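Undergrad: I'd like to ask you about the structure that follows.
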Amino acid sequence: MNNPLVVVALLLAVGAAGVAGYAATREPAAGGDVDARLLAVEDQLSRVEAELGALRAASRPPPSLMGLSPTAEDPAVGAAQRAAAEAAAAATQEPLVIEEGAKAEALRELVNEAVEKKAAQMRAMREKKPSLDSFAAVLELDEAQREKVARDVVASQQEIRTLLEIPAEDGTVFLDELVDILAGGIAQPGSGKERGAALFGRLMSEKVPGTDETYAAQAEAVKARLRTSFQRDFSTTQYATFEAWRMDPTEIKDIPGSPWKDLEGRVLERARALGAKLPGDDGPK
């Protein structure tokens, strides 16, 4: 995220996560767990891919995964068949006997399952502000990794919040300004665009008092450190998936101890003061 405007937009989006309690009354629940059998298939898929690489290197035209016609005389094809059979057997935990006519079908099923899993992963990655549960599921984090992510994200969120609480040269507290803009957007949807644009500009251009860096630059430095922590703690595949997600890691939500939780209350109370009627309100205050 080298574009300063994107940096600041995401910074404000972190604050927007503070109204998650309000929005949650209108949002669908996250998806379910990944099929355990498919996880076993994934463990074997790399072996199949290696054998398929040998097939592609052969002099004949590359075979179609969905229309492969194996021949017993081709040792590379035979190896791919055996790997597919082993993967399917591991997935079902049942003895698997592959007859000649079922060899291509076994490989097709293996690939289809992998494609289905990838499609589910991509659907989950459309959400750019995922819950911790969803984030951990998509990246297949173990419990230790999940706990480390939670600690690091909360610490980074706190750094950004502290940054926004540092008064500007004219005394403006940007966190208070952000609360007001978010509350105004709830009370009068669509309002506050000019104030939001002005806040973007100030965060990009004004330096944190006593430093040579802007608020936006310091916020991006916090996020860069968090990404570096992820890269250190994740496997190569996990981090590649995270990068492909193209999301702001400080926007992961539903983490116990998040400093944005009490900000949610401030936003909602300010919205009520501006005339908003929120879910659960009995009537005018």
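Undergrad: Out of the range 110-137, which residues are farther than 22 Å from Ala150 by Cα and either surrounded by 19 or more Cβ atoms within 10 Å (Cβ to Cβ) or aliphatic (A, V, I, L, M) (or both)?
TA: To start, the set of residues in the range 110-137 that are farther than 22 Å from Ala150 by Cα comprises 110-120, 122-123.
Result: Leu110, Val111, Glu113, Ala114, Val115, Ala119, Ala120, Met122.
Undergrad: Quick check: is even one residue across the range 167-181 in contact with a strand residue (DSSP E or B) (Cβ under 9 Å, 6 or more places away or on another chain) and open to solvent by 40 Å² or more (accessible area, probe 1.4 Å)?
TA: Scanning the range 167-181, I find at least one residue that is in contact with a strand residue (DSSP E or B) (Cβ under 9 Å, 6 or more places away or on another chain) and open to solvent by 40 Å² or more (accessible area, probe 1.4 Å), so the answer is yes.
Undergrad: If I filter the range 235-256 for residues that are in contact with a Ser or Thr (Cβ under 8 Å, 6 or more places away or on another chain) and on the phi > 0 side of the Ramachandran plot, do I get at least one hit? First the steps, then the outcome.
TA: So the first thing to find is which residues in the range 235-256 are in contact with a Ser or Thr (Cβ under 8 Å, 6 or more places away or on another chain), and the list is 249-250, 252-254.
Those still in the list that are on the phi > 0 side of the Ramachandran plot too: 254.
Checking the range 235-256: at least one residue is in contact with a Ser or Thr (Cβ under 8 Å, 6 or more places away or on another chain) and on the phi > 0 side of the Ramachandran plot.
Undergrad: How many residues, within the range 182-197, are surrounded by 14 or more Cβ atoms within 10 Å (Cβ to Cβ) and without any contact (Cβ under 8 Å) to a residue 60 or more places away in the chain? It would help to see each step written out before you state the result.
TA: The initial filter retains those residues of the range 182-197 that are surrounded by 14 or more Cβ atoms within 10 Å (Cβ to Cβ), namely 182-187, 191-192, 195-196.
When the remaining residues are screened for being without any contact (Cβ under 8 Å) to a residue 60 or more places away in the chain, the result is 185, 191-192, 195.
Looking only at that region, the number is 4.
Undergrad: Hey, could you check the range 198-212 for residues that are of a type outside the set (S, T, N, Q) and assigned to a loop (DSSP other than H, G, I, E, B) and say which is most open to solvent (accessible area, probe 1.4 Å)?
TA: Residues of the range 198-212 that are of a type outside the set (S, T, N, Q), as a first pass: 198-204, 206-210, 212.
Checking the rest, the ones that are also assigned to a loop (DSSP other than H, G, I, E, B) come to 206, 208-210, 212.
Details: Glu206: 50, Val208: 6, Pro209: 48, Gly210: 89, Asp212: 135 Å².
Out of the qualifying residues, it is Asp212.
Undergrad: Now, a different point. So which residues in the range 158-197 are of a type outside the set (D, E, K, R), modelled with pLDDT of 90 or more, farther than 17 Å from Ala216 by Cα and assigned to a loop (DSSP other than H, G, I, E, B), if there are any at all?
TA: Gly171
Undergrad: A further question follows. Look at the range 227-285 and say how many of its residues are open to solvent by less than 20 Å² (accessible area, probe 1.4 Å), assigned to a loop (DSSP other than H, G, I, E, B) and closer than 22 Å to Ile181 by Cα.
TA: 6
Undergrad: Sticking with this one: With the requirement that a residue be hydroxyl-bearing (Ser, Thr, Tyr) and closer than 27 Å to Arg272 by Cβ, what does the range 180-210 give you?
TA: Quick first cut of the range 180-210, residues hydroxyl-bearing (Ser, Thr, Tyr) only: 191, 205.
Scanning the range 180-210 gives a single hit, Ser191.
The values are calculated or read from the model by the stated rules, or taken from the named source; none is laboratory data. Computed from a predicted structure; not experimentally measured. Note that we place each Cβ from the backbone using ideal geometry, even for glycine, and neighbour counts take in every protein chain shown. Areas reflect the complete protein model, heavy atoms only, side chains present, ligands, DNA and RNA absent. Shrake-Rupley method; radii C 1.70, N 1.55, O 1.52, S 1.80 Å.
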